[in-house]
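Note sheet for the following structure.
Any read-out appearing in this document is the output of simple, stated calculations on the displayed coordinates, not a laboratory observation. On a predicted model such as this, the values are computed, not experimentally measured, just so you know. Cβ coordinates were reconstructed from backbone atoms using ideal geometry, including for glycine residues, and neighbour counts include every protein chain displayed.
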Amino acid sequence: MKILLQFPEGLKQKALEYSKKLEAEGNEVFVSASPTYGACDLAIDEAKSLGAEKLVHFGHAEFHHVDFNVEYVFYSVDAPLDILARSLEDLKPYKTISLVTTIQHIHQLEAVKEYYEKAGKKVIVGKPFGFAKKAGQILGCDIGSSARVDSLVDAHVYFGGGIFHPLGAVLHTTKPFLAVEPFTKTTRFMDDYREAYRKRRMGKIAASVNAKNIGILVSTKNGQHNMGIARLLKEKTERAGRKAAILVSNNFDFGSIDNMLEFDAFVNTACPRIATDDTERLRKPLLSPNELMEVLSLNPTVS
Ligand code: SF4
């Protein structure tokens, strides 16, 4: 069988090992060298152009249904649990907590939950909105497992590495949010991000109120393609007396976008995290669709 393998950045180091394994089973194997951000970003076009019959996508669970033969290979990582004892000190004031993690540690969620329960906590594991598939799992764009239970808990706990995944959950919840990092063996309340991002959001909106020309970013990645929303935003922008154009790319290069000097502001309809995490990479404001609607309502007829 002709197979294309696709690895996220953190697993690209495994490409040769897996391709040799599948070749030994009689397959013709190719490896996608493109950047890969999630299962929203399946290399189906590359697979089709190679005439491959299957895409093997490593490291992420299914994001949405696609009309192609895709095999998802999880990459579970066993994290040490000794940091949990220290986290109890941080969680002392809170009786009921929510617990979330990433797909890499989802198999450890039950053990972490039991640990906290034995320590006297009531632990609630919420359900995602739909892009993430497992209870307690969060993605950068699906923080339902935290947000849905925000009103039921005294605090939130994220078990796992990095801030990319918990940041979205922090920004969409209101209770104290503790990140418990098993590899660096650190714990940290992330609540200060809420105020910093609120200020940044207000700054972007203020800087866009008089924007006359708006560039609307549309991704061609299968799980990030939102042309319907882009068309609607374009129509609303033009109805408000401004000019708009839809800018299409598979992988946005911020240097290239920055070269589009006619635009006064950009709106992101691709991975929602772009408008949260990448605003500093452009000289002009980079808004989310909701932020654009706020701009249009603050100044409905720019002149
Ligand atoms: S956060 Fe962005 S990159 Fe990650 S799964 Fe969601 S859309 Fe894809």
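Identify all lysines with a Cα-Cα distance to Lys121 below 18 Å; exclude those on the same chain that are fewer than 8 residues away in sequence.
Lys92, Lys95, Lys113, Lys175
Extending each Cα 7 Å along its Cβ direction at Glu9 and Asn251, get the distance between those two points in nm, one decimal.
1.1
If you stretched the chain out fully between Phe74 and Asp192, how much longer would it get, using 0.36 nm times the residue separation minus the C-alpha to C-alpha distance? Don't jump to the answer; show the numbers that get you there.
Values: separation 118, 0.36 × 118 = 42.48 nm, distance 3.28 nm.
Roughly 39.2 nm would be gained on extension.
Under a GNM of the chain (C-alpha, springs under 10 Å), which listed residue has the highest mean-square fluctuation: Asn69, Asn268, Asn213?
The residue that fluctuates most here is Asn69.
Over every pair of different alpha-carbon atoms in the range 2-73, take the mean of 1/r and invert it; report that Kirkwood radius in Å.
Over the range 2-73, the inverse of the mean reciprocal pair distance is 12.1 Å.
Which value, in debye to the nearest 20, describes the size of the charge dipole of the chain about its Cα centre when Lys and Arg Cβ atoms bear +1, Asp and Glu Cβ atoms bear -1, and nothing else is charged? Intermediate values should be presented prior to the final figure.
Numbers: 39 positive and 37 negative charges, 188 e Å.
Result for the chain is approximately 900 debye, rounded to the nearest 20.
Is there a pair in Lys54/Lys221; Lys2/Lys134; Lys221/Lys243; Lys204/Lys236 whose C-alpha atoms are over 22 Å apart, and which pairs would that be?
Details: Lys54/Lys221 18 Å; Lys2/Lys134 31 Å; Lys221/Lys243 26 Å; Lys204/Lys236 19 Å.
Distance filter (> 22 Å) returns Lys2/Lys134; Lys221/Lys243.
Only counting other Cβ atoms within 10 Å, I'd like Cys141, Cys271 sorted with the fewest neighbours first. Each step should come with its number before you reach the end.
Numbers: Cys141 18, Cys271 23.
Fewest to most other Cβ atoms nearby, the residues stand as Cys141, Cys271.
May I ask for the Rg/Rh ratio of the range 198-298, computed from Cα atoms with Rh as the Kirkwood radius, given to two decimals?
Details: Rg = 12.2 Å, Rh = 13.3 Å.
Across the range 198-298, the Cα-based Rg/Rh ratio is 0.92.
If the chain between Leu88 and Lys243 were fully stretched, how many nm would it gain, using 0.36 nm times the residue separation less the Cα-Cα distance?
Details: separation 155, 0.36 × 155 = 55.80 nm, distance 5.40 nm.
Once the chain is fully extended between Leu88 and Lys243, it gains 50.4 nm.
At 7 Å along the Cα-to-beta-carbon direction for both Met293 and Glu23, put a label point, then send me their distance in nm to one decimal.
In this crude spin-label approximation the distance works out to 5.2 nm.
According to the Kirkwood expression over distinct Cα-Cα pairs, how big is the hydrodynamic radius of the chain, in Å? Mind showing how you got there, number by number?
On the way: mean 1/r = 0.0472 Å⁻¹.
Kirkwood hydrodynamic radius for the chain: 21.2 Å.
With the radius of gyration and the Kirkwood radius both derived from the Cα set of the range 189-256, what is their ratio Rg to Rh?
1.06
Is there a quick way to get the dipole size of the range 20-139? I mean about its Cα centre, with the Cβ of Lys and Arg at +1 and of Asp and Glu at -1; what is the value in debye to the nearest 20? Before the final figure, lay out the partial values.
Numbers: 14 positive and 17 negative charges, 168 e Å.
In debye, rounded to 20, the range 20-139 gives about 800.
Which one of Gly10, Val218, Thr237 has its Cα pushed farthest toward the positive end of the charge dipole of the chain, where Lys and Arg give +1 and Asp and Glu give -1 at the Cβ?
Thr237
Nearest-5 percent of antiparallel DSSP beta bridges in the chain?
Details: 5 of 43 bridges.
Once the DSSP bridges in the chain are tallied, antiparallel ones form about 10 percent.
Could you work out the relative contact order of the range 2-73? I mean the mean sequence separation of Cα pairs under 8 Å and 6+ apart, divided by the number of residues, in percent. Present the calculation step by step, with values, prior to reporting the outcome.
Details: 114 pairs, mean separation 27.2, N = 72.
Computed value for the range 2-73: 38 percent relative contact order.
Kirkwood hydrodynamic radius, computed over distinct alpha-carbon pairs, for the range 83-190: how many Å, to one decimal? Could the numbers behind the result be given before it?
Details: mean 1/r = 0.0757 Å⁻¹.
Value: 13.2 Å, from the Cα pair sum.
Determine, for Leu152, Leu247, Leu4, the number of other Cβ atoms within 10 Å of each Cβ, and report the residues in order from fewest to most. Intermediate results must be reported in sequence, preceding the final value.
On the way: Leu152 12, Leu247 17, Leu4 25.
The fewest-first ordering by Cβ neighbours comes to Leu152, Leu247, Leu4.
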